[in-house]
Structure formats: structure tokens, C-alpha cells
There are 2 protein chains.
Amino acid sequence: MAVEGNILAKIRPSADEERHLSEVVRELKERVTTVLKEKGWEAKPILVGSVAKGTHLTGTEVDLFVAFPPDLPREDLELRGLALGELLERRARMYAEHPYTRGWYRGTEVEIVPCYRVQDATQRMSAVDRTPLHADYVLGRLAEDQADEVRLLKAWTQGVGVYGAEAKVRGFSGYLCELLVLRYGRFRAVLEASLGWSRGQKIELDRAATKEFTEALVVVDPIDGGRNVASAVSLDQLATFVHAAREYLRGPSERFFFPRPLKSLSVAQLRALAKRRGTGLIAVAIRAPAVTEDVLYPQLRKAHGALEDLLVREGFAVHDARFDVADEEALFLFELIVPALPRVIRHEGPPIWVRNAKEFVEKWTDDRRTLSGPFITGDRWSVDLVRDATTAEDLLRASAKGLSLGKDLEKSARRSLKVYEGTPALKAPYAPAWTRLLDKRFPWER
Amino acid sequence: MAVEGNILAKIRPSADEERHLSEVVRELKERVTTVLKEKGWEAKPILVGSVAKGTHLTGTEVDLFVAFPPDLPREDLELRGLALGELLERRARMYAEHPYTRGWYRGTEVEIVPCYRVQDATQRMSAVDRTPLHADYVLGRLAEDQADEVRLLKAWTQGVGVYGAEAKVRGFSGYLCELLVLRYGRFRAVLEASLGWSRGQKIELDRAATKEFTEALVVVDPIDGGRNVASAVSLDQLATFVHAAREYLRGPSERFFFPRPLKSLSVAQLRALAKRRGTGLIAVAIRAPAVTEDVLYPQLRKAHGALEDLLVREGFAVHDARFDVADEEALFLFELIVPALPRVIRHEGPPIWVRNAKEFVEKWTDDRRTLSGPFITGDRWSVDLVRDATTAEDLLRASAKGLSLGKDLEKSARRSLKVYEGTPALKAPYAPAWTRLLDKRFPWER
């Protein structure tokens, strides 16, 4: 456990930091209460998140919720929440289900979020109303010496690359880490338990599921049987967690908590690697729209799928691919098995016995695009046509803009979509993204 | 019907030919009977085939069966049959289920085949014992004016390229043509009826099927409900028949009966065509083993499938292919979408949760062939390896001989298999075979 002792010394807030956090929280609650009184608003500030539960890492942010009565119209809730947010400096308005404020108070990052006061999760009126209940649940059950176990699990998942439920990561949230420690007792016990998990693994604490979940990992929310706390966890990330756990237990090392940063390959190295692999490299770049990561990433994922489907559908087999953001561009990188195809493409028609077979034959006989046929293969009509685009590059240039790429990305694509193939695709600003695609080592192996 | 009148004038034997045929048959029967008497063998010569039924085309052969009693040992049946075959000139010993003799008698081609005398098909002891019953069935039912209808159907299927049940053609036998005319009355009525056929079409005459048939076309043998007279007809050939029927009925022409011979493209034309199509052309050549076509063609079909499977399995997508025989070589021609592939190939392993996942990871970590990985894709292990052969040519050179190619072909392949790619594949002796692959026109369209 020497490794974990060393890690805790690095991730646990110092006594000074704790003192400062306490002051920040106390002062903010006072100032919120003062504003509420001045305005005559009935509401109560509630500390939530990891600071409330004492499971925070050093450098944490403070999450301050303000609970309003359930009969307050939503519009007023939002306006009042934003008004309270003005207590913060360098603030930005954020959007989830409703707007809230993120900013700074005496050097500490703070979120001030309005919510409705509810007694249990079934009464909730907005997506964040459960959060104070989560804080209560954990705080009431976590033994004093388990806080450090949660800290270890959070830091470890972060190092392994699977921390955070946000769209960019699709991994393990802080609350999920807390529940896993509650369920299994200790950091190492969570890792050990995970060796027995598989796709669709279901974990329940005090409350049974009230519905069927289909996600890769299911951890039923103990304050709401209809919610999967692990719903964000993708299959890849779950598999990475389990593999990392096996490796860590076999040889614990600080590397898992603090991996070396990925060193980008140079353009020259990338070119040599591309030559060695023999594949075709293509980059599609779209100016990134000015939206938050949680709005952007689902669109990146959708666009990436649409581009890959287009390539595969037209015969350009994809060996590997990823999306990324670099230099204010959304990047879609494809490593193609076949970047160019013959001019001829076979188009299969209906069986010769069906009624509309005649239409197929009439359509393609002497058509401008027909190279040969229609002819019979098996019991179907087929025809050899001239392929529209014989390179993946041409195909993407001609058709990528017409795909469903997500609202903001689609708008941006119409004006800014660029396709690069071969050496131009390997330009310096894209080198880190290509490195992330081609360097398959796990973070702790770097 | 002017077309069909003209055709009949060409395909119906002349009065002189008929007179000659009658003499050949009468003399042969007499000479067989004389030999049988001399040897003291109990048996009876029976004329079968199209001459017996009066449905023969000009230039036909004569099929003379000799029916022995069922208690004769098979060995004696074979020896006696071959002894009778010595009545023929320029004779050759043929092999089906048992040996028989093919040769010439007074300028007419003749087969002398021994069989067992049976009353109905259920008693049959060898594959040919049904044949005299077929002759009886047709002769007893075919109206005088229907013989010409059979002649038209035979000549038409021949012209269209679907005549003959042999392995090379997989089409319509003479007996099948006769049954179709019996069923539908006239040549044109058969064609009209075929417009309503589809895959698995089942036709019964006087006898219902006594089992389930799975072939493309099912015509239940009226003298044996357990036999499909159309069992040889492939799906392609059935579809071609139906399409040709539709075209013929729309515009009857002698072209269907007597198509122009396919004119081979020159090597220069083939090269230009290959360039225009952009595909990769590969020819695999094996010295043809000295066996009959009915032995060779099933092996060609098997070998062709094995070669194509190998290519596809290793990622070399096949656009089109055919097998052929040219200049005493068995030829396997492939038009490839992708004749060359990158050096890297992804090899997918087990899900990370299964017991043998560890073995996969251990096997490929630091293996000589590993380019990167093992890494996780979805919930599976994967690894990028160096591909064994990056061209279809190299793959075939390395692996084709190890495939299951059919007994005789396999033996020949071990010593004589050659692989040609690109220009060398388009050499002059192979030009007709390449033309048959690339010129997709139907015979009547030439």
C-alpha cells in the first residue's frame, strides 16, 4: 500500500486548503442568505458535491446549490439562480437543463446552481434536484476512513483515463466512485470486484432497479431505482477500467494515477509510420462551433459515425478512426484499408422473378453510367456502373456536407469543411490527434 | 411462327437421315442379338434416348441400352456390356456409375450401355435402369405433332446456353425438355409458363413428389416421385431460361436458336478494358488433369470456390470471377476490387472479460508480427499485425496449393499451379476466357 500512501499525500487537500475551503463555503452561504433576505426570496443554500461529502481532491471546486420551494415557476427559479451567481467573480453562464453560474470566489472555483427542494427523487422537477439527496446519502453512510478510499478511486480513474461522466469522456462520475466504495468498502476492493464484471454488469446498493437498463454498466441509484448512475460509462471505458484494475493489482504503481503525458509524434515520425503501415490517412476538419464540450462531443460522435458509415457504405474499408479537437477545429481522422477503388462498381438489383425487375433493367440498359449489363448473377439482376468517386477524398469532398452531422457542426461544416489526404493530412497541428489514434499504449504504459 | 418454321427446317433430320438412322438402329440391334445368342447371354437390346422417342435433332447420337436380368452380378453386367461395345468403331470406354462404350457405327455416334431390366423405378439397381422407362413414358404420351415442339425447345435452350444436365452446363436435359412439352403442350407454352416461375418452382406430371426437393427447379420424375428431373439446373441457368423466354416472346428471332459465336477480345482490347475498369486481374492456371468433363467440372467449381474464399477471407474483395478451360489448362480468373492491401491488418481477439483473453494478450504482446497493441476496441482485445501477403498474387502463390481443390486438380496443382497478375494474366491463350468473363451480353444479344 506504499503506492497509495504516496498518492494520498499528493491528492488529499492540505490542512491549509481545507481551512480555506471551509471559509469559502461559510462566507458564500452567508452572502447567499443575505441576498435571499434582501430580496425576500424563500430558499436555502446547500453545499453539495465532493466538498459536502468530504471526498474532494486537492484543487477541487465548490458546488453550492440553492433550493427553492417546488411551487416557484421555473422562469423565476432560473432568474433568481442567476442573480445569486453574481456573487462570483470571472463568472460564466453555463447551460445544462437550466442555466447556472460558474465563477471564482477567493481563488476557488465555484458553481452556484438553483434547484427545487424535494424530499425524495420521485418528486424531482428538474434534473439537478436529486443532487442534494446524493450528498445526504453518501455523507450519512461513508465511514470516516473511506473518504480517502474514494479519493484514491477518483484519482486512479482519472489517471487511467476513465474519470468523468461528461460526453467527452463517457466514464465514471465522482458520485459513481463514491457508491462503488460504499458497495465494496475500499479502493482495492472495488478494483478486485471489477475483475468479475462483464458487459451489462448490474450493481445495486439499498434500492433495487425499477426498470430494465441496457447500458454497459448499471449501478442503480440508491435514491432513485429508475436511474443508472453509470449510464454514461461506455463499453470501451468499462473494459479499460477492468483491464487497468487487473494490471494495477498485479503491479501497483504511481503511473496509473499520474501517467506521463502522451508525447506527440513529429510530422516526420508520423509520415514514416504511415508508410510502414501502408494505410491511407484522411483528415476531415470542420471549424469547431462555439458551444460547450457537453454540446460539442455528442455532435462529434454523431458526425464521426455518419462519416464512417459513408466511407464503409461506398466501399472504403476503415481500419481505424477517431475524432478529436485541435486548434479550434473538429477533426475526424480515418485510417483506411482502401483509400482508392476501381472505376467500376457492381450494383445489385432485384431477383429476376419480381415485378419491378423490368424497371431495373430498363433503367440501366444503355444508361450513361453503365459499363456492362444488366446481367444475371444467381437469380438477380446486376449491373456494372461507373463509380461516382473513386477516392475516399473525393467521396468526402462531394458528400460529407450533406450528412447529418449534428446541428452546430452541420452549420459550421457548410462553410468550413476541409478534407486532407496523405501528407497534407499529417500537418503539425494535427500531429497530437494522429498520435492519439496511432499510439495504442494505455496511459500507464507510456 | 415463321421463325420456328425456319428453325425446324434446320434442326429436323431429313428423310435421308431418318432412313440411315433406322438402318443403324436395326443393324445394331441385330448384331447385339447375334452376339447375345452366340455367348448364351440372356438380355435384350432397347433403343432409348431421343431417337427412341422421335425427338432427336439432326446429327443426333443413338443410345442403345442392353437390359440384363436383375440377378446378374454387377461385374458380369459390366464385362458383358463392354464386350457388346466392341461392335463400335473408334470406341472409347466411358465411366458413369459403371463403364460403357461410346463409338461410331456407319458414321453415326452410338453409345452402348448395359442396364438391369426393371418394371418400375423403385426396383432399379443402377443409375441408368430408369432410362428405358423414361423412353416408354414419353413415347406413350407425346402426340405426333409434339415431337417438333420438343425439338424447338431443345434447340432453343441450346442456343440460349442452358441445354444439358452435365456438370459443365448445369442446365436442362433432353428428357426435361420432353416433360415440359408434355406438361404445357407446345414450345411457346413452355416459355409462357416459365414467366411465372421463380426459385424453387415445382412441377408435377402424373406423379406427386415423395420427398422435399431443395433445388432451383423441381420437375418430379413421372416414373419416380423421389427424383427431380431438373436437379442439375442451377439458379443462374433457370433465371437465364426465364429471362430468355421473356425476350424471345417479346421478339422471336433465330438468334436465340443460333447465336453468333462469342468473338474473343484481343489482348490489346482486354488491356484497354482492364484499364477502363480499374480492377486488378488475376489468373490462376493449373494443368488440366486427364479426366472427363463430368469429373473435371465439379472439381473446377470446388477449386474456384476455395480460391475465392481464400481471397475474400484475406481481404481481397472479388468483383467478378469465373473458371474456364483453355489450352489444356484449368483457368480461374478473378477481377479484384482490391488487388493489394496495406501492410497492417487488424486481428480481433476475445472480449476482455473471458478467461482466454489473457492468452491472446500474452501471445501478441511483443510478438514479432505485432505492429501495435494489444489494445481494447469496444469490449474486445485487438491487435494490429503485419499482413502475411499484401497482394492477392502473393497470397495465391503462397496458399493456393494448400487448398482443397478436388482430387485430380489438387494433384495437378502441386506441380503446375501458376499465378499471373495484370498484363501477364491477359496473355493470348486466356483471351477467350477473359472475354467470357467480361462480355456480359446474352448469347442472343451478340
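The values are calculated or read from the model by the stated rules, or taken from the named source; none is laboratory data. Because the structure is predicted, anything quoted here is derived from the model rather than measured. Cβ placement follows ideal geometry from the backbone for every residue including glycine, while neighbour counts extend to all protein chains displayed. Just so you know, the surface numbers come from the protein's heavy atoms only, side chains and all, with ligands and any DNA or RNA stripped out. Shrake-Rupley method; radii C 1.70, N 1.55, O 1.52, S 1.80 Å.
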Inset, instruction - Can you list which of the GluC sites (Glu not before Pro) found in the stretch B:4-43 are DSSP loop residues with at most 16 other C-beta atoms within 10 Å? - result: B:GLU42
Legend entry - Distance from the stretch B:1-49 to the stretch B:419-445 (C-alpha centre basis), Å: 41
Inset, instruction - Could you bin all the Cα-Cα distances of chain A into 20 Å bins starting at 0 and give me the percent of pairs in each, rounded to whole numbers? - result: 20, 45, 27, 8, 0
Legend entry - Summed residue charge, Cβ within 15 Å of A:VAL291's Cβ, Lys/Arg positive, Asp/Glu negative: 0
Legend entry - Sites B:ASP394 and B:GLU97 - FRET efficiency at Förster radius 25 Å, r taken between beta-carbons, to 0.05: 0.05
Legend entry - HN-Hα J in Hz across the stretch B:381-392 - Karplus 6.51, -1.76, 1.60, θ = phi - 60°, x for Gly and Pro: 7, 9, 8, 9, 10, 7, 5, 4, 10, 8, 10, 4
Inset, instruction - Determine, from the Cβ-Cβ distance of A:LYS358 and B:VAL3 and an R0 of 30 Å, the FRET efficiency 1/(1 + (r/R0)^6), rounded to the nearest 0.05. - result: 0.80
Inset, instruction - Kindly tabulate the residues in the stretch A:370-410 with an accessible-area decrease of at least 20 Å² between the chain alone and the assembly of all protein chains, using a probe of 1.4 Å. - result: A:LEU371, A:SER372, A:PHE375, A:ILE376, A:GLY378, A:ASP379, A:TRP381, A:ASP384
Inset, instruction - Mind listing the label-point distances from B:ALA189 to the same position on all other copies, shortest first, one decimal in nm, points 7 Å along Cα→Cβ? - result: 8.8
Legend entry - Those residues of the stretch B:261-288 for which accessible area with every protein chain present is at least 50 Å² below the isolated value (1.4 Å probe): B:ARG276, B:ARG277
Inset, instruction - For B:GLY349, list long-range residues whose amide hydrogen, built 1.01 Å from N in the peptide plane, is under 5 Å from its own amide hydrogen. - result: B:TRP381, B:SER382, B:VAL383
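How charged is the neighbourhood of A:ILE223? Take every other residue with its Cβ under 13 Å from the Cβ of A:ILE223, and add Lys/Arg as +1 and Asp/Glu as -1. Provide the component values of the computation, followed by the final result.
Working: positive: A:ARG124, A:ARG130, A:ARG141, A:ARG207, A:ARG227; negative: A:ASP120, A:ASP129, A:ASP136, A:GLU178, A:GLU204, A:ASP206, A:ASP221, A:ASP224.
Here the count lands on -3.
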Inset, instruction - Could you list the GluC sites (Glu not before Pro) in the stretch B:313-392 that lie in coil according to DSSP, counting only those with at most 15 other Cβ atoms within 10 Å of their Cβ? - result: B:GLU328
Inset, instruction - Mind jotting down the distance between the C-alpha centroids of the stretch B:284-332 and the stretch B:207-249, whole Å? - result: 26
Inset, instruction - Please list, or write none, the aspartates and glutamates whose alpha carbon is within less than 14 Å of the alpha carbon of B:LYS427, excluding same-chain residues fewer than 8 places away. - result: B:ASP327, B:GLU329
Inset, instruction - Using a 1.4 Å probe and ignoring any ligands, DNA or RNA, find the accessible area of B:ASP367 and quote it in Å² to the nearest 10. - result: 50
Inset, instruction - Scan chain B for the residue whose Cβ is closest to the axis carrying it onto chain A, then write down that distance in whole angstrom. - result: B:VAL338, 3
Legend entry - Cleavage-rule hits, trypsin sites (Lys or Arg not before Pro), the stretch B:12-110, DSSP coil, Cβ neighbours within 10 Å at most 15: B:ARG106
Legend entry - Å² per residue, accessible surface of the stretch B:2-139 at 1.4 Å: 49
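Net charge near B:PRO342: determine it from the other residues with C-beta under 12 Å of the C-beta of B:PRO342, scoring Lys and Arg +1 and Asp and Glu -1. Spell out each step's value before the answer.
Details: positive: A:LYS275, A:ARG276, A:ARG277, B:ARG343, B:ARG346, B:ARG387; negative: A:ASP320, A:GLU335, B:ASP384.
Residues close to B:PRO342 contribute a combined charge of +3.
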Inset, instruction - List the accessible area buried at the contact between B and A, summed over both sides and calculated with a 1.4 Å probe, in Å² to the nearest 100. - result: 3500
Legend entry - Label 7 Å beyond Cα on the Cβ vector: B:ASP145 copy-to-copy distances, nm: 10.9
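Rounded to the nearest 20 Debye, what is the dipole magnitude of the stretch B:42-133 about its Cα centre when Lys and Arg each give +1 and Asp and Glu each give -1 at the C-beta?
Computed charge dipole of the stretch B:42-133: roughly 200 debye.
If you put +1 on each Lys and Arg Cβ and -1 on each Asp and Glu Cβ, how big is the dipole of chain A around its Cα centre, in Debye rounded to 20? Intermediate results must be reported in sequence, preceding the final value.
Details: 68 positive and 65 negative charges, 252 e Å.
Charge dipole of chain A: 1200 debye, to the nearest 20.
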Inset, instruction - Take the stretch A:2-139, compute every pairwise Cα distance, and split them into 10 Å bins from 0; I just need the percent in each bin. - result: 12, 41, 33, 11, 3, 0
Legend entry - Kirkwood-based shape ratio for the protein assembly as shown, expressed as Rg/Rh from alpha carbons: 1.15
Inset, instruction - Could you pull the copy-to-copy label distances for A:ALA398, with points set 7 Å along Cα to Cβ, in nm to one decimal and sorted shortest first? - result: 3.5
